[in-house]
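Each reported figure results from applying straightforward, stated rules to the coordinates on display, with no laboratory input. In this text, all values refer to a predicted model and were calculated from it rather than measured experimentally. Here the Cβ is made from the backbone with ideal geometry for all residues, glycine too, and neighbour counts use every protein chain on show.
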Amino acid sequence: MSESLLIKNAIVVTVDESNSVFEEGGVLVKGKKIVSVGKIDKVISEMEGTPDYLIDARGMAVLPGLVDLHFHTAIAKGVNDGMPLDKFLDNFWYPKLRLIKPEEVYWASMNTYAEAIKSGTTCVNDMYRHMIRAGDAAEKIGIRAVLSCDTADKSEGLDTLEDNEEVIRQKNGSADGRISTRVGVEWVPIASTEFLSRVREIADKHSVGIHIHLNESLAELEMSKKRHGKRPVEIAYDLGILGPDCVAAHCVWLTGSEIMQLRNSGANVSYDPGSNAKLGNGICPAPDLINAGVNVGLGHDDNECNNTSDLFETMKFGSVIQRASRVNASLMPASQMLKMATRNGAKALGIPAGSLIPGSLADLILINLKTPRLTPVVLGKYSNILSHLVYAVHGDDVDTTIINGKIIMENRKIKTVDEDEVMTNATTSCNELLARIPPTPT
């Protein structure tokens, strides 16, 4: 028999079609689905019997869990700061990936997923190496994960499309459907046309989506044109890689025709403002993509080029950087940023989540509003709750994280794993890997 959970007396931020917010609200969960949302009296009237679990969330906001649409497991955050993307990849990222061991991926994934859970992310679209072990970590800790491999031509020494197919065979649909898979593409400049032509074929063969980096940096554009005679978005469009089941990460440097190719194909874009800015790659034209009708979600990218997976920080930065660069304070309002971090990301991944509505998967988080930084909370005509959530909340304000109807973190304590063990093993794995990386050529 399915267990039930009642959350009562919360400010319920639904992120539904009408952006409904309920003061003194409630959410009723049965099994892994939400069955009732609204004013607490209404929710209680629709309840059968006594809930198995009760959370009195007075002084808290409850909202959908955040969806990190472009995510890399990270093992060595903050290492090799200050490099442009091409040098970062050649001098650190690729040497590290070529040497990393499956067990190191397990602990790196466990630690990265723990950070995500503790900052309110309930679903990650993770691309890395040795993803069977990443899947093992996701299953144990309880996060919802979409897994793909950092694939390239075999000569690059990364995962191959055959490796990715094995991940699909072993992990797709595991953990009661909480784990799903995609075909990943590391970078167009290090992939042959023959390789890229197989990506859509393999995705369709297994009925899974695609996760690919596109048009992230100016150097990437030149490398792609030199190898393929086309820019990355153009070749992805021509080869049929783009589509409603494709997440294109970054998309910083786009022409008008490329925006139309993304729109016409139905592809989804992950806007990753933190890593794009830190690496000096530029600013994704997110407002233009949205105005063109492209579904745009949010990603933190990688803690090794962003240092944090806190999507609340990503929401704020993603909004204010557009306003500053375009000198327009009306751009990317709080309601839009919250939708991008929840509903849009879930839509891109084909997951029935991202809104607190009956029938949605029970992926939700509780935010502690009882801090001076989030005081006062004003509702009604002058409501500031969405502004607080996007511009003031930090990941550390997340009190409780619920995924697939299960309480994974409560009172800031993850219930599924020993956090000290995770951090200890992740640190050991990082140091052992770094010791194997050869010195950068001078």
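Using the Kirkwood radius over C-alpha pairs as Rh, can you work out the diffusion coefficient of the range 66-349 via Stokes-Einstein at 20 °C, viscosity 1.002 mPa s, in µm² per second? If you can, show how the numbers build up before the last one.
Working: Rh = 18.4 Å.
For the chosen part, D equals 117 µm²/s.
As an exercise, use a Förster radius of 30 Å and the Cβ-Cβ distance of ASP153 and THR428 to find the FRET efficiency, rounded to the nearest 0.05. Let's see the in-between values first.
Numbers: r = 32 Å, r/R0 = 1.07.
Here the calculated transfer efficiency is 0.40.
Peptide packing: for 5-12, 331-338, 128-135, the average count of neighbouring Cβ atoms within 10 Å per residue gives the ranking 128-135, 5-12, 331-338, highest mean first.
With a simple spin-label model that places each label point 7 Å from the Cα along the Cα-to-Cβ direction, the separation between GLU103 and SER2 comes to 4.1 nm. Axis angle, to the nearest 10 degrees, between helix 311-326 and the longest C-alpha principal axis of the chain: 70 degrees. So which aspartates and glutamates pass the test for LYS370, namely a Cα distance under 18 Å, with those fewer than 8 places away in the same chain ruled out? Answer for LYS370, where 18 Å is the Cα cut-off: GLU23, GLU24, ASP56, ASP396, ASP397, ASP399, GLU410, listed by chain and number. The range 343-416 and the range 291-336 have Cα centres spaced 17 Å apart.
The residue among TYR237, GLY299, SER319 whose Cα reaches farthest toward the positive pole of the charge dipole of the range 66-349, with charges on the beta-carbon of Lys, Arg, Asp and Glu, is SER319.
If R0 is 41 Å, what FRET efficiency do you get for TYR382 and ASP418 from their C-beta distance, rounded to 0.05?
Working: r = 45 Å, r/R0 = 1.09.
After rounding, the FRET efficiency stands at 0.35.
Distance cut-off 24 Å, Cα to Cα: go down the list LYS87/LYS316; LYS30/LYS140; LYS8/LYS415; LYS33/LYS118 and report the pairs above it.
Values: LYS87/LYS316 28 Å; LYS30/LYS140 22 Å; LYS8/LYS415 21 Å; LYS33/LYS118 22 Å.
Among LYS87/LYS316; LYS30/LYS140; LYS8/LYS415; LYS33/LYS118, the Cα-Cα distance tops 24 Å for LYS87/LYS316.
Helix 131-141 axis versus longest C-alpha principal axis of the chain: approximately 10°, rounded to the nearest ten. With a simple spin-label model that places each label point 7 Å from the Cα along the Cα-to-Cβ direction, the separation between ALA435 and ILE44 comes to 6.0 nm.
Using only alpha carbons, the range 241-280 has a radius of gyration to Kirkwood radius ratio (Rg to Rh) of 1.02. Normalising the Debye intensity of the range 314-424 to I(0), with uniform scatterers on Cα atoms only, and taking log10 at q = 0.11 Å⁻¹ returns -0.46.
Here the relative contact order of the chain, from alpha carbon pairs under 8 Å that lie six or more residues apart, stands at 20 percent.
Starting from the Cα gyration tensor of the range 118-222, multiply each eigenvalue by 5, take the square root, and state the resulting semi-axes largest first in whole Å.
After diagonalising the Cα gyration tensor, the semi-axes are 24, 16, 11 Å.
Roughly how many Å is it from the Cα centre of the range 63-103 to that of the range 11-25, as a whole number? Here the answer is 36 Å between Cα centres.
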